[in-house]
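First up is the structure itself, then whatever we jot down about it.
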Amino acid sequence: MIFFKKIGSFLLSLIVTLTSFPIRSVSQRAEDFRLTTYAVGSNFADASRIDASHFADLTDVILIGISNFNTEGEIILNENFELILKNIRDAMKDSSANLYLNLIGPGYTTSSSDWNEQMDDQANYHDIAFQSGKLEQNIRNVLIKYDFDGVFFDYEYPLTKAHWKVFDRFLLSLDECLGDDFKIGCAISAWNTKQSRKAMKVIDMVEVMAYDIWDRDGTHASLKSAKQCIRQMILNGYKKEQLDLGIPFYARPVTKDAYWYGYDGWYNKLDDKGFCYDDGTGLTFSFNTYDIVYEKTQWAINRGLGGAMVWHYSCDIPKDNELSLFNAMYNAKNDLIKK
């Protein structure tokens, strides 16, 4: 009798636990799904050349390339920072999207041509900045002055656990400084994550760089590779709701050469698998097509991810073109909302 009472008590507690976490429907997940893009500052210096047609459908915009920090923990704004910021806010006037500032840190100074040595050198300079004791408050001051919703770090350099520890301690300190007033986001590669579980918890949005990855047939950033990246990030300890699946609006050659092709210049020349040949370089390169972006977006929603992220805004074509990749994302999301 005691045994059965214990079993009954266990089942009751299990039921209470499960019902304490309401299961969201697919349409609810789609409704809350983030559509995030990086906006490269130099593309917004000339207001007359800005395509603002997609901003109204986005939830989050990360402004990158117009600010950095040095080893002293000082924030350095580009000389045309305020002009670019005005232009992008004007372009976003009909949008309710959050706007974040992405900060780039010090570059490497080594003369070595070895990539690992370059990244180690760059990480060492970042460590100095992160341990300066000044960077946190300086970031808060800039966010307040220019009315940003938070700060992002595109931090691809800490190849070692020691560098990750310094970065993690900085993030924990920054979280204390910013409190609930601002969000913290990071762009991270699945193959290079050595972050502590404690530091993971203070990151609001994790932009998973699921690109610059090739399948055996030369396909760049396939759905298969995207799934592998997300699987690894979850195994590393990140919550699904934190993760934004990175989707490239650019192509890379099947040979992995250092060329990048914007979708806007090639969208009407692709075969049904997203491949195209460039006479100028003699290279065949691989894009994510409308159908692939649609499929990735719906997969991310069904998988329970927090959102999808685009690198980068200016690679797409205007919204009135049915082949727009942003349209693929909107339609994928809206079709699931309607279910």
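Could you tell me whether the stretch 229-236 includes any residue that is buried (at least 21 other Cβ atoms within 10 Å of the Cβ), of a type outside the set (A, V, I, L, M, F, W, C) and modelled with pLDDT of 95 or more?
Among the residues of the stretch 229-236, not one is buried (at least 21 other Cβ atoms within 10 Å of the Cβ), of a type outside the set (A, V, I, L, M, F, W, C) and modelled with pLDDT of 95 or more, which makes the answer no.
Need at least 1 residues that are touching a Cys at 6+ places or on another chain (Cβ under 9 Å) per element, so show me which strands (runs of 3 or more DSSP E) inside the stretch 191-309 make the cut, counting only ones lying wholly within it.
Here the list reads 205-208, 243-248, 250-253, 283-286.
Considering the stretch 208-226 alone, what residues qualify as being out of contact with any Lys or Arg (no Cβ under 8 Å at 6 or more places or on another chain) and either open to solvent by 60 Å² or more (accessible area, probe 1.4 Å) or under 20 Å from residue 169 (Cα atoms) (or both)?
Those that are out of contact with any Lys or Arg (no Cβ under 8 Å at 6 or more places or on another chain) and either open to solvent by 60 Å² or more (accessible area, probe 1.4 Å) or under 20 Å from residue 169 (Cα atoms) (or both): 216, 217, 224.
Consider the stretch 136-161. How many of its residues are within 15 Å of the chain's Cα centre (by Cα) and among the aliphatic types (A, V, I, L, M)?
Counting residues in the stretch 136-161 that are within 15 Å of the chain's Cα centre (by Cα) and among the aliphatic types (A, V, I, L, M) gives 1.
Can you find even one residue in the stretch 264-286 that is within 20 Å of the chain's Cα centre (by Cα) and surrounded by 24 or more Cβ atoms within 10 Å (Cβ to Cβ)?
no
When you look at residue 42, is it farther than 28 Å from residue 155 by Cα, at pLDDT 95 or above and either of a type in the set (Ser, Thr, Tyr) or assigned to a strand (DSSP E or B) (or both), yes or no?
no
Search the stretch 153-178 for residues being buried (at least 18 other Cβ atoms within 10 Å of the Cβ) and farther than 23 Å from residue 142 by Cα, and hand back the single one that is modelled with the lowest pLDDT.
157
Which of the residues spanning the stretch 53-81 are in contact (Cβ under 8 Å) with a residue 40 or more places away in the chain and among the acidic types (Asp, Glu)?
57, 60, 72, 74 - these are the residues of the stretch 53-81 that are in contact (Cβ under 8 Å) with a residue 40 or more places away in the chain and among the acidic types (Asp, Glu).
Do you know which of the residues in the stretch 189-201 that are crowded, with 17+ Cβ neighbours inside 10 Å and touching an Asp or Glu at 6+ places or on another chain (Cβ under 7 Å) is farthest from residue 127 (Cα to Cα)?
Only one residue fits best here, namely 189.
Taking the condition open to solvent by 40 Å² or more (accessible area, probe 1.4 Å), closer than 21 Å to residue 92 by Cα and not hydroxyl-bearing (Ser, Thr, Tyr), does residue 320 pass?
So residue 320 fits the description; yes.
Output the residues belonging to the stretch 77-94 that are touching a strand residue (DSSP E or B) at 6+ places or on another chain (Cβ under 8 Å) and open to solvent by 20 Å² or more (accessible area, probe 1.4 Å).
Result: 77, 78, 89.
Go over the candidates 133, 107 one by one and state the one that is at pLDDT below 95 and surrounded by fewer than 17 Cβ atoms within 10 Å (Cβ to Cβ).
It is 107.
The values are calculated or read from the model by the stated rules, or taken from the named source; none is laboratory data. Being a predicted model, the structure only gives us computed values, none of them experimental. Note: ideal-geometry Cβ built from the backbone for every residue, glycine included; neighbour counts use all protein chains shown. For accessibility, only protein heavy atoms count, side chains too; no ligands or nucleic acids. Shrake-Rupley method; radii C 1.70, N 1.55, O 1.52, S 1.80 Å.
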